[in-house]
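**Student:** This is the structure I want to talk about, given as structure tokens.
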């Protein structure tokens, strides 16, 4: 575990109960690792910005889990309902064809962006610039 419950409670918030924290923190770490893998191991050394990003992602996971269980494992609320023919329309947060896992990753990215964008961890380019060797390239442009 990269972030302790004490750090979360003292520095970030108290939305997540201690009993649930390790499970949502592990999922948050996994998604952050997925989003930043191209730049190395984000958890290799201790960094408060990374810890805050994990806390933000853990709260997103916790909220997502609560919404899914409250809505019968659907991450959507009721948009409209009729009584006669029993028709229910659900509000969907994702786009058509988007899985719940993809939606969760998108929400986590939105939550951690404020902490990780200034650090360069979310950069999709390889560190050090151009990695290919090109004899005919004019790099002075």
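**Student:** Take residue 32 and tell me if it is surrounded by 12 or more Cβ atoms within 10 Å (Cβ to Cβ), over 11 Å from the mean Cα position of the chain (by Cα) and either in contact (Cβ under 8 Å) with a residue 40 or more places away in the chain or closer than 16 Å to residue 117 by Cβ (or both).
**Tutor:** no
**Student:** If you go through the range 19-49, how many residues are assigned to a helix (DSSP H, G or I) and either more than 14 Å from residue 4 (Cα to Cα) or in contact with a helix residue (DSSP H, G or I) (Cβ under 7 Å, 6 or more places away or on another chain) (or both)?
**Tutor:** Number of matching residues: 18.
**Student:** Please determine whether any residue of the range 3-13 is more than 11 Å from the chain's Cα centre (by Cα), more than 28 Å from residue 123 (Cβ to Cβ) and either at pLDDT below 95 or surrounded by 14 or more Cβ atoms within 10 Å (Cβ to Cβ) (or both).
**Tutor:** Yes.
The values are calculated or read from the model by the stated rules, or taken from the named source; none is laboratory data. Just so it is clear, the structure is predicted and the values come from calculations on it, not from any experiment. Quick reminder, even Gly has a Cβ in these numbers, built from the backbone with ideal geometry, and neighbours come from all protein chains shown.
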